[in-house]
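Written below as structure tokens is the structure these notes are about.
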Amino acid sequence: MHDFLVDLRGAERVFLKLCEIWPTADIFTVIYDERGTEGRFAGRDVHTSYLQRLHLSARNFRALLPLYPAAIESLDLSGYDLVVSSSSAWAHAVLCDERALHVSYCYNPFRYAWNDRDQTLARWRNPVAREVLRGAFRRWRQWDWIAAQRTDRYIAISKTTQARIRAYFGRDSEVVYPPVEVDRFAPGQVSNHYAIVSELMEHKQIDVAVRAFNQLRLPLTVVGDGPAARRLRRIAGPTISFTGRLTDRAVADVMQSARALVVTSVEEFGIAAVESQGAGRPVFARRAGGALETVIDGVTGCFWSGGPDELAGAVAAFDEAAVDPEACVASAARFNTASFERNIRAEVDAALADDSRVPRPDPQQLVTRRLLRRAVRDAQR
């Protein structure tokens, strides 16, 4: 089970590996675009929700976000003994048989309703729309928390996500780092450009790097696409270039020839940072989130905090030429696909062997136990 299959981002690549572990399993998702996912799921039995009739794509599927909770609960997963969900938003909320084991691999609780809520609301200048959205997020959090109590076992993508699962859902989890195809990358001839490889979303804060490299007047190659692309192009100076989405081979070429990869957002894990190290190149990463688990400060990269001025200062002061490419490659090797498969299998086997599972709680009882306190606290905010 995956949230949506409309393109190939980091989460979808992880889900591909999950599908390889269980090659005959049925696949469920709210919406599916075979072209957007480059045919990687062709030949599999993919089940979708009623929203599939709208023929949504990566460009417009976000417009219907309020409909996804109902769509996920409309999927019929009766008759299965084991359900493995891959969730960054709502996949963990799928309704399973009461005797089924549901293991959820969680990238992050739905960021717009939880850890990114205040920043998201701040982007809306219309006060009426902002209050409507605030109410929608409050209802989403209540629904999300109830759904989280139905899941038998959570597996977190990183310690950052593990902490959020505990804080928002009140659930414990084990950490299994995601699979990174480090074999796709190798050190090569280094050029003079820096690189960003990311979906171009507001919360990724790519504008911080654009403004920093405008100051530095150094070449920056931005790989990726998304809703923020147009605004980023407007503020970019002559040394900033945008490639859009590239093939895997082209991305590897950009990374191995870059002086360093620049990461401007707090990532739950940050697959691109590991890929850059696999290509032998260092990473400029914010001193927070998953980078603290994947980047070795002063060895495979440099941590920074703040805005454009601080990033520009970190780039100017760091000698990326002194970085040992082999040290970067060795660091990336910790997160290979074999480790992921071995650890995921171990977690699912442990969950299957656990006889202490109790029946899923009644949602109404959950509301009376905890949601009343949460609703009062939200109302005060």
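The values are calculated or read from the model by the stated rules, or taken from the named source; none is laboratory data. Note that the coordinates shown come from a computational prediction; the quantities given were computed from them, not determined experimentally. Note that we place each Cβ from the backbone using ideal geometry, even for glycine, and neighbour counts take in every protein chain shown. Calculation scope for accessible area: heavy atoms of the full protein, side chains included, ligands and nucleic acids excluded. Shrake-Rupley method; radii C 1.70, N 1.55, O 1.52, S 1.80 Å.
Data overview
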| read-out | value |
| --- | --- |
| Residues of the range 36-77 classified as of a type in the set (S, T, N, Q) and either touching a residue at least 60 places away in the same chain (Cβ under 8 Å) or more than 16 Å from A91 (Cβ to Cβ) (or both), total | 2 |
| Meets criteria (in contact with a Ser or Thr (Cβ under 7 Å, 6 or more places away or on another chain) and charged (D, E, K, R)) for D26 | no |
| Complete set of residues in the range 13-46 that are under 22 Å from S74 (Cβ atoms) and of a type in the set (D, E) | D26, D33, E34, D45 |
| Residues that are under 22 Å from K204 (Cα atoms) and at pLDDT below 90, drawn from the range 82-113 | R111, Y112, A113 |
| Tally, over the range 19-55, of residues that are touching a strand residue (DSSP E or B) at 6+ places or on another chain (Cβ under 9 Å) and small (G, A, S) | 3 |
| Selection status of D253, more than 22 Å from the chain's Cα centre (by Cα) and charged (D, E, K, R) | yes |
| Where a residue in the range 176-199 is closer than 15 Å to V210 by Cβ and its partner, wherever it lies, is among the hydroxyl-bearing types (S, T, Y) and not in a loop (DSSP other than H, G, I, E, B), with Cβ under 6 Å and at least six apart | H193/T221; A195/T221 |
| Of residues in the range 81-99 being buried (at least 16 other Cβ atoms within 10 Å of the Cβ) and in a loop (DSSP other than H, G, I, E, B), the one nearest to the chain's Cα centre (by Cα) | S88 |
| Failed criterion for G306 (all others in (1) under 21 Å from the mean Cα position of the chain (by Cα); (2) under 29 Å from A163 (Cα atoms) hold) | (1) |
| L311 vs. criteria hydrophobic (A, V, I, L, M, F, W, C) and in a loop (DSSP other than H, G, I, E, B) | no |
| Some residue of the range 322-333 being in a loop (DSSP other than H, G, I, E, B) and among the polar types (S, T, N, Q) | no |
| Tally, over the range 106-136, of residues that are farther than 18 Å from I165 by Cβ and not aliphatic (A, V, I, L, M) | 12 |
| Yes/no for D116 being open to solvent by less than 30 Å² (accessible area, probe 1.4 Å) and acidic (D, E) | yes |
| Filter pass, R44 being out of contact with any helix residue (DSSP H, G or I) (no Cβ under 8 Å at 6 or more places or on another chain), outside any helix (DSSP H, G or I) and surrounded by fewer than 16 Cβ atoms within 10 Å (Cβ to Cβ) | no |
| Pick from the range 57-80, criterion of a type in the set (G, A, S) and part of a helix (DSSP H, G or I), ranking: surrounded by the most Cβ atoms within 10 Å (Cβ to Cβ) | A71 |
| Which numbered condition D144 misses (of (1) of a type in the set (D, E, K, R); (2) over 30 Å from A327 (Cβ atoms); (3) open to solvent by 10 Å² or more (accessible area, probe 1.4 Å)) | (3) |
